[in-house]
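Working notes for the structure below.
The values are calculated or read from the model by the stated rules, or taken from the named source; none is laboratory data. These numbers come from a predicted model, not from an experiment. We place every Cβ from the backbone using ideal geometry, glycine too, and count neighbours over all the protein chains shown. Each accessible area value is taken on the protein alone, full model and side chains, heavy atoms only, with ligands, DNA and RNA left out. Shrake-Rupley method; radii C 1.70, N 1.55, O 1.52, S 1.80 Å.
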Amino acid sequence: MHLTLMSRTPMEGSVSGLHKSPHRGSSVEFAEYRNYVPGDDIRRLDWRVFARTDRFFLKEYEAETNLRCYFVLDTSGSMKFGQAPGGKLTYAKRMIATLAYIAAHQGDASGLICTSGSSVVEIPPRRNPAHLRTLFEMLDKAEPRGETGLVKALHDLAERVRRRAMVVVVSDFFCDLEPLLNCFQHLRFQKHDLALFQLLDREELEFQFDRPLRFTDLESSMSVVTEPSSIRDEYLRQIKQFLDELRRGCNEFGADYRQVVTDQDYERVLADFLVERASVAAASP
């Protein structure tokens, strides 16, 4: 099955493409009629409507444009956690590489931002096929370390990128919730189409540890030895509350939020994402 990466909202690009634009153009897909005003191109008049109504109407069509997609990868220390080799970060790299490949082969521009702590490494969006190799090389070199710098990186992106774009963020989103939701709101205020993949390991969700362990904060040097059974109920309550509030906040701001457990087939996760987006794009006015 041929899958495409579609935006849920109109995009502003520089060349023709698959995605609806907020502007009217002259593509083949009819959008609506509007009244003629002096100075309009009379070649766009619908003479059949004039014959029926004795009034001048112009046909307008949906302009289609290309997509600029920013992939934001959280490379903080917590992304190394996971039962599979490479943890959540390796899973995230595969997702971004797949989506970037799809975007490139449909003529869209992809950029990559890797962020942790105060470190931000960025490749601006480009459309040429050679750019894809550069993006893959940057993904391959990304290593998990330090605290999360996601909130600042997303605020900076919202300030810099004024034209509508698609922003895909792949992270575990383990940071303070209020600042995190504020940066989502900032991106949506700028009319960016925001897609969020929250990656979680099964152990983070179920906390099925059965003996005393030393738990180490992967984003700092803090650690604690505890009996998991004594804190399991409180941990599960806290993680559920955090995830519920995150989901509610994303819904409030119109962000496309998806929770992904890293034992899921990432290809299936992406296929579901792409099919759903294509359906929304096709149904949107």
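At a glance:
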{"item": "Per-residue ³J(HN,Hα) for the stretch 86-95, Karplus 6.51 cos²θ - 1.76 cosθ + 1.60, θ = phi - 60°, Hz, x for Gly and Pro", "result": "x, x, 5, 5, 4, 4, 4, 4, 5, 4"}
{"item": "Estimated FRET transfer efficiency when R0 is 22 angstrom, pair Phe215-Glu245 (beta carbons, to 0.05)", "result": "0.45"}
{"item": "Restraint check, Lys88/Lys191; Lys88/Lys152; Lys152/Lys191; Lys80/Lys240; Lys88/Lys240, Cα-Cα greater than 26 Å", "result": "Lys88/Lys191"}
{"item": "Surface share of carbon and sulfur [accessible, 1.4 angstrom probe, percent] for the stretch 136-285", "result": "50"}
{"item": "Inter-site label distance for Val261 and Ser230 at 7 Å from Cα along Cβ, in nm", "result": "2.8"}
{"item": "With every protein chain in place, the stretch 43-130: carbon and sulfur % of accessible area (1.4 Å)", "result": "52"}
{"item": "Rg to Rh, two decimals, where the stretch 118-259 supplies the alpha carbon set and Rh follows Kirkwood", "result": "1.02"}
{"item": "Shape metrics for the stretch 107-160, restricted to C-alpha atoms - Rg then Dmax, Å", "result": "12.1, 35"}
{"item": "Per residue solvent-accessible surface (Å²) - the stretch 223-285, probe of 1.4 Å", "result": "58"}
{"item": "Sum of side-chain charges, Glu206 neighbourhood, beta-carbon under 13 Å (Lys, Arg +1; Asp, Glu -1)", "result": "-3"}
{"item": "Length gained when the stretch Phe207-Leu3 is fully extended (0.36 nm per residue, less Cα-Cα span)", "result": "69.9 nm"}
{"item": "Volume in Å³ per residue [convex hull over Cα atoms, computed for the stretch 184-257]", "result": "103"}
{"item": "Counted charge near Ala271, where neighbours are those whose Cβ lies closer than 13 Å (Asp, Glu -1; Lys, Arg +1)", "result": "-1"}
{"item": "14 Å beta-carbon shell around Leu157, net charge (K/R +1, D/E -1)", "result": "+3"}
